[in-house]
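Everything below concerns the one structure shown next.
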């Protein structure tokens with residue numbers, strides 16, 4: 001695929017994500033986990049502004065990373081090309097490896113004080129719904145793609161496996177942040193495999209022990225394997241946000257972009273280190 005083709009495909013992906021966001025927002029109205037409050041109105045503008053900024057950043061980064069994936073395929077570089085694996089097995093391993101790279105990166109954002117302030121922009125949302133999904137600081141996008149790039153260099157995924165992971169990750173991200181109520185039994189069954197509908201809500205808690213858990217992006221297996229899993233049913237009664245960052249003047253687009261360079265609020269990295 002040419003760079004121009006990758007760019008067009010990226011624009012089509014953005015359009016698809018926006019369509020899914022609209023559908024999920026409609027489901028939130030029909031079966032909300034929590035009643036809508038003033039923050040659902042106040043955070044909409046800043047969240048959408050950061051969403052479109054992230055779209056622009058990720059579009060460039062994704063084109064560059066896909067070009068690397070294609071280059072590695074042409075050169076035959078990567079563990080998955082050196083091992084005698086059937087295509088299906090190689091694809092499954094590639095998706096799992098990319099998801100593991102996100103888990104490791106996510107843990108690092110909570111562990112290292114230098115990285116936490118950028119990720120805290122996402123956590124500082126006083127409420128969580130589908131618009132919270134792509135509320136990210138541009139520096140977090142760089143960190144996210146750096147982690148994926150490192151894993152791409154190691155395993156050498158096929159372009160199809162890479163595209164499949166990115167698409168599944170985008171859809172799952174919208175679902176795990178959605179303000180949607182699910183029956184406890186269904187939620188428990190889904191949490192055996194993936195991180196929605198309530199498992200990821202725990203991660204947005206103001207309580208450090210909950211915040212420093214449920215890091216998984218697509219699969220819940222990493223949290224279970226590395227001891228960072230908190231039962232998903234706890235996600236139905238979470239107080240969202242970060243203390244000290246709830247004032248409306250701190251939740252504007254400009255303030256959120258400047259947030260990493262001001263006071264950082266409570267630092268889960270310290271809580272994690274002392275726990």
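The values are calculated or read from the model by the stated rules, or taken from the named source; none is laboratory data. This structure is a prediction, so every number in the text was calculated from the model and none was measured. Heads up, the Cβs are rebuilt from the backbone with ideal geometry, glycines too, and the neighbour counts pull from every protein chain shown.
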- Message: Of all residues being in a loop (DSSP other than H, G, I, E, B) and touching a helix residue (DSSP H, G or I) at 6+ places or on another chain (Cβ under 6 Å) in the stretch 223-245, which is farthest from residue 193 (Cα to Cα)? Just the residue, please.
- Response: 242
- Query: Got at least one residue in the stretch 161-174 being over 27 Å from residue 22 (Cβ atoms), over 13 Å from the mean Cα position of the chain (by Cα) and at pLDDT 95 or above?
  - Reply: yes
- Message: On the basis of being under 17 Å from residue 219 (Cβ atoms) and either over 12 Å from the mean Cα position of the chain (by Cα) or crowded, with 22+ Cβ neighbours inside 10 Å (or both), does residue 90 make the cut?
- Response: no
- Note on the structure: Sole miss for residue 202 among (1) surrounded by fewer than 24 Cβ atoms within 10 Å (Cβ to Cβ); (2) more than 12 Å from the chain's Cα centre (by Cα); (3) not in a loop (DSSP other than H, G, I, E, B) is condition (1)
- Looking at residue 233, is it within 24 Å of residue 39 (Cα to Cα), under 18 Å from the mean Cα position of the chain (by Cα) and either modelled with pLDDT of 95 or more or surrounded by fewer than 20 Cβ atoms within 10 Å (Cβ to Cβ) (or both)? no
- Task: Scan the stretch 141-192 for residues that are out of contact with any helix residue (DSSP H, G or I) (no Cβ under 9 Å at 6 or more places or on another chain), in a helix (DSSP H, G or I) and more than 14 Å from residue 219 (Cα to Cα) and jot them down.
- Result: 185, 186
- Message: Could you check the stretch 246-261 and list, in sequence order, the residues that are closer than 18 Å to residue 51 by Cβ and not in a helix (DSSP H, G or I)?
- Response: 251, 252
